[in-house]
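Data block below; observations after.
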Amino acid sequence: MKAKDFFKKHLGDLILGTTLLATSCALLGYYLWPRSSDNLYAYVYHQSTQILDPISLAGEDKEYPVEIHDENTDIHMVVTLKDHQVAVTESNCKNQSCVRQGYISSPAQTIICSPNQIYVYIRDMTGKEITVIDV
């Protein structure tokens, strides 16, 4: 079989294979490329009220205590910033799922504590409207 006939017969396969390879490399590069945390902030909400000032992921490692005490609520939590990531490291809730979720550093990640109705999410400082998720 001549080379000309081979390429004529398999041109579609070659184009499809090249497209899939290029797309795979682009997606892999997007997800593995390190992102700057200079413009990312963690927001901590109780129900629909922001309870801590935005925490810059570019800041120094620090612990932020969360204390909410009233007639219906007794919440003690610690939100920790470490290595440009944020996590709930202590909580007085029963199931401790918020503590087990570990550190987050991407706007695609969220920490939710259902018993205490607290959630932590990351976004940049664009000033866009915040979408509240009822827990």
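Every number in this text was worked out from the coordinates using simple rules, so none of it is lab data. None of the values given here were measured: they were computed from a predicted structure. When we count neighbours, we look across all protein chains shown, and the Cβ atoms used for this are built from the backbone with ideal geometry, even at glycine.
Against the longest principal axis of the chain, how steep is helix 3-32, in degrees 0 to 90 to the nearest 10, with axes from Cα atoms?
Between the helix axis and the principal axis of the chain, the angle is about 10 degrees.
Taking only Cα atoms and a 10 Å spring cutoff, compute GNM fluctuations for the chain and point out the largest among Tyr64, Tyr43, Tyr103.
Its mean-square fluctuation being the largest, the pick is Tyr64.
What whole number of Å gives the distance from the Cα centroid of region 79-95 to the Cα centroid of region 3-28?
When both Cα centres are located, 47 Å separates them.
With mean projected area of the Cα convex hull in nm² in mind, check [x] 13.2; [y] 9.5; [z] 12.6 and report the label derived from this structure.
Working out mean projected area of the Cα convex hull in nm² from the coordinates points to [z].
Return the unpartnered cysteines for the chain, using a Cβ-Cβ cut-off of under 4.7 Å.
Here Cys25, Cys93 come out as lacking a disulfide-compatible partner, given the Cβ-Cβ threshold of under 4.7 Å.
Taking R0 as 22 Å, what FRET efficiency do you get between Gln96 and Glu71 from their Cβ-Cβ distance, rounded to the nearest 0.05?
0.35
What does the charge dipole of the chain about its Cα centre add up to, to the nearest 20 debye, if the Cβ of each Lys and Arg holds +1 and the Cβ of each Asp and Glu holds -1?
Dipole of the chain, to the nearest 20 debye: 1280 debye.
Have a look at Thr89, Thr19, Thr73 and tell me which one the Gaussian network model of the chain (Cα, springs below 10 Å) gives the largest fluctuation.
Top of the fluctuation ranking is Thr19.
When only Cα pairs under 8 Å and 6 or more residues apart are kept, what is the percent relative contact order across the chain?
Once normalised by length, the contact order is 20 percent.
Please identify, among Asp124, Asp13, Asp83, the residue showing maximal mean-square fluctuation in a Gaussian network model of the chain using a 10 angstrom Cα cutoff.
Most flexible of the set in this elastic network: Asp13.
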